[in-house]
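For reference, the structure discussed in these notes is given below.
Nothing in this text is a laboratory measurement; each read-out follows from the coordinates by a stated rule. Please read these numbers as outputs of a predicted model, since none were measured by experiment. Backbone-built Cβ (ideal geometry, glycine too); neighbour counts: all protein chains shown.
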Amino acid sequence: MHVLTVLDHPDPNSFSSAIARAFCAGAEAAGHTTELADLHTESFDPRWTMADIAADDTGQLPRDVLIEQERISRADAIGFVFPLFWWGMPAMTKGWIDRVWSWGWAYDQLDDPEKSLQRPRTGVLLVPAGARSDEMDELGYSSAIETAWIDGTFGYFGFTNRALILLNGSKGSDDRRKALLRRAHDAGESLKNPS
Ligand SMILES: Cc1cc2nc3c(=O)[nH]c(=O)nc-3n(C[C@H](O)[C@H](O)[C@H](O)COP(=O)(O)O)c2cc1C
């Protein structure tokens, strides 16, 4: 498979960047080809503007959106790596999805909100989070995020295999962080074919 990794972190020395590298290394160890969309390094503009709105009528998508859509077209699987911010996505990832998964290309909610216009793909979310998993489960954040991203957002894009991997305790001990890096490597190595 060809695996696209979408990374949202400005610091190449961050834990999130290391997670993205581990995921790509795992995918390559399994014989997949990989491609990295490093949104901060590439200065992707996450702001949804009049140019995006106009495209609904003209069909002329902004050039930076087309480049991202071409990347997606090449990919059989997509991994997203971003730190959990305020129990949600950081602005860069949110804006990338808002702009790149455009109406008429990614989905057509006027006909069937559950039916994607895209071919089946595998999607994995790898999300470093400062909080512990038991805290997130107890307060309901884990299930809220799973519903919003896995049933909601990823469902609209036609990911037939989809997984949310919360990497809890991302600010923890070296041992903890090593275990999370191994988990990201395993996620890349064990990617399933889109069914
Ligand atoms: C603006 C901001 C908001 C954050 N919000 C949360 C949060 O809601 N839940 C959580 O568990 N951690 C939260 N964190 C902690 C980050 O998830 C954590 O710092 C990150 O996973 C560490 O990875 P990094 O070294 O790649 O930045 C937040 C951090 C920042 C900077």
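With respect to the chain, whose longest principal axis is taken over its alpha-carbon atoms, helix 15-29 is tilted by about 80°.
Relative contact order for the range 106-195: 39 percent, from Cα pairs under 8 Å spaced at least 6 residues apart, divided by residue count. Over the chain, DSSP H runs of length four or greater, each weighted -39,500 (n - 2.57), average out per residue to a 222 nm ellipticity of -11500 deg cm²/dmol. Relative to the longest principal Cα axis of the chain, at what angle does helix 91-100 sit, 0 to 90 degrees, rounded to 10? Helix 91-100 sits roughly 30 degrees off the main axis of the chain.
Ordering HIS2, HIS32, HIS9 by the number of other Cβ atoms within 10 Å of each residue's own Cβ, fewest first, gives HIS2, HIS32, HIS9.
Build a GNM of the chain with springs between Cα atoms under 10 Å: which of MET136, MET89, MET50 gets the top mean-square fluctuation? Among MET136, MET89, MET50, the largest GNM mean-square fluctuation belongs to MET50.
The charge dipole of the range 44-189, taken about its Cα centre with unit charges on the Cβ of Lys, Arg, Asp and Glu (plus for the first two, minus for the last two), comes to roughly 600 debye.
The ranking of TRP87, TRP48, TRP96, TRP101 by Cβ neighbour count inside 10 Å, starting from the fewest, reads TRP48, TRP87, TRP101, TRP96. The simple Förster model, with R0 at 25 Å and r as the Cβ-Cβ distance, assigns ALA179 and SER143 a FRET efficiency of 0.60.
3J(HN,Hα) couplings calculated from phi for the range 176-183 with the Karplus curve 6.51 cos²θ - 1.76 cosθ + 1.60 (θ = phi - 60°) are, in sequence order, 4, 5, 4, 5, 5, 5, 5, 5 Hz; Gly and Pro show x. In plain terms, the residue of ASP76, ASP57 with the fewest other Cβ atoms within 10 Å comes first and the most crowded comes last, giving ASP57, ASP76.
3J(HN,Hα) along the range 79-87, derived from phi through the Karplus expression 6.51 cos²θ - 1.76 cosθ + 1.60 where θ = phi - 60°, amounts to x, 10, 10, 8, x, 5, 10, 6, 6 Hz, with x in place of Gly and Pro. Computed as a quarter of the hull surface, the mean projected area of the alpha carbon convex hull for the range 96-138 stands at 5.0 nm².
How long are the semi-axes of the ellipsoid equivalent to the range 44-189, from square roots of 5 times the Cα gyration tensor eigenvalues, in whole Å, largest first?
Equivalent ellipsoid of the range 44-189: 30, 16, 15 Å, largest first.
For the chain, modelled as a GNM whose springs connect Cα atoms under 10 angstrom apart, the maximal fluctuation among ARG63, ARG21, ARG119 occurs at ARG63. Taking amide H positions as modeled 1.01 Å from N, with prolines and chain starts lacking one, the residues under 5 Å from ASP108 and 5 or more places away or on another chain are LEU117. Farthest towards the positive end of the charge dipole of the range 44-189, among the residues ILE53, THR147, LEU66, is the Cα of LEU66, using unit charges on the Cβ of Lys, Arg, Asp and Glu. Placing +1 on the Cβ of every Lys and Arg and -1 on the Cβ of every Asp and Glu, with no other charges, gives the range 113-162 a dipole of roughly 480 debye about its Cα centre. Compute the angle between helix 63-74 and the longest alpha-carbon principal axis of the chain, please, reported from 0 to 90 degrees and rounded to the nearest 10. Compared with the principal axis, the helix lies near 70 degrees.
Run the numbers on the chain and let me know its relative contact order in percent, using alpha-carbon pairs under 8 Å that are six or more apart. Relative contact order of the chain: 29 percent. Against the empirical 2.2 N^0.38 Å (N residues), the range 1-99 has a Cα radius of gyration ratio of 1.14. Amide H to amide H, with H built 1.01 Å from N, VAL6 comes under 5 Å of ALA37, GLY79, PHE80, VAL81, counting only residues 5 or more places away or on other chains.
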